[in-house]
Amino acid sequence: MKDPHHADLDRRGWWQLAKVRGGTETDQHNYLVLVAWLIVWAVVFLLATWVLQEDMGLSTPVKWLLAVIPTAFAIIALFAYLRFLRMGNELLRRTQLDALALGCGAGVLFGIGYQLFEHVGAPSMQVSHIIIVMTCGWVAGLLLGMRRYW
């Protein structure tokens with residue numbers, strides 16, 4: 001016989017599982033702070049990329065500044081993530097650790113494996129391709145972990 005809690009879990013959609021539930025108010029606050037910094041970083045990164053690609057006749061120091069600013073926001077987002085993890089409960093940390101392991105493993109396997117494909121004629125790989133694979137693996141790991149543990 002199925003546990004009623006697990007039956008309820010089966011009816012939840014992926015979007016409901018993606019929300020931070022079951023955590024403390026501090027967990028939810030730290031999650032929102034993290035998401036806010038990630039959004040700021042993404043917007044600044046996209047704007048900087050656009051400005052640098054448009055070749056607006058900017059001086060070299062301004063171009064360097066435009067390249068550094070998104071990195072500064074990424075560092076702030078990283079510290080927000082670390083705070084989110086450190087202040088989270090054991091279940092939240094377990095879910096994140098599983099997701100990070102899947103994402104990192106997927107990135108390493110893709111990065112190493114793709115080199116063989118390049119030797120047989122595949123286009124050159126960019127670092128961003130590995131990061132995309134790692135991010136997708138992390139998100140998949142989060143969704144699977146939340147479905148399993150929450």
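The values are calculated or read from the model by the stated rules, or taken from the named source; none is laboratory data. The model shown is predicted, which means the values in this text are computed figures rather than measured ones. Virtual Cβ from ideal backbone geometry, glycine too; neighbours counted across all protein chains shown.
Would you mind stating whether Ile112 is assigned to a helix (DSSP H, G or I) and modelled with pLDDT of 95 or more?
Working: assigned to a helix (DSSP H, G or I): yes; modelled with pLDDT of 95 or more: no.
In short, no.
Hey, does the stretch 68-82 have a residue that's in a loop (DSSP other than H, G, I, E, B), without any contact (Cβ under 8 Å) to a residue 12 or more places away in the chain, among the hydroxyl-bearing types (Ser, Thr, Tyr) and more than 16 Å from Asn30 (Cα to Cα)? Lay out the reasoning, then the answer.
Kept after step one, since they are in a loop (DSSP other than H, G, I, E, B), are these residues of the stretch 68-82: none.
So far as the stretch 68-82 goes, no, none of its residues is in a loop (DSSP other than H, G, I, E, B), without any contact (Cβ under 8 Å) to a residue 12 or more places away in the chain, among the hydroxyl-bearing types (Ser, Thr, Tyr) and more than 16 Å from Asn30 (Cα to Cα).
List pairs: first in the stretch 36-48 and within 15 Å of Phe84 (Cβ to Cβ), second modelled with pLDDT of 95 or more and of a type outside the set (A, V, I, L, M), Cβ under 8 Å, 6+ apart or cross-chain?
Trp37/Phe73; Trp41/Pro70; Trp41/Phe73
Anything in the stretch 24-66 that is exposed (fewer than 12 other Cβ atoms within 10 Å of the Cβ) and touching a helix residue (DSSP H, G or I) at 6+ places or on another chain (Cβ under 8 Å)? List them, or say none.
none
Quick one: Gly57 ticks every box in (1) assigned to a helix (DSSP H, G or I); (2) at pLDDT below 95 bar one, so which box is it?
Among (1) assigned to a helix (DSSP H, G or I); (2) at pLDDT below 95, Gly57 violates only (1).
Hey, does the stretch 125-141 have a residue that's at pLDDT 90 or above, surrounded by 12 or more Cβ atoms within 10 Å (Cβ to Cβ) and more than 28 Å from Ala36 (Cβ to Cβ)?
Yes, the stretch 125-141 contains a residue that is at pLDDT 90 or above, surrounded by 12 or more Cβ atoms within 10 Å (Cβ to Cβ) and more than 28 Å from Ala36 (Cβ to Cβ).
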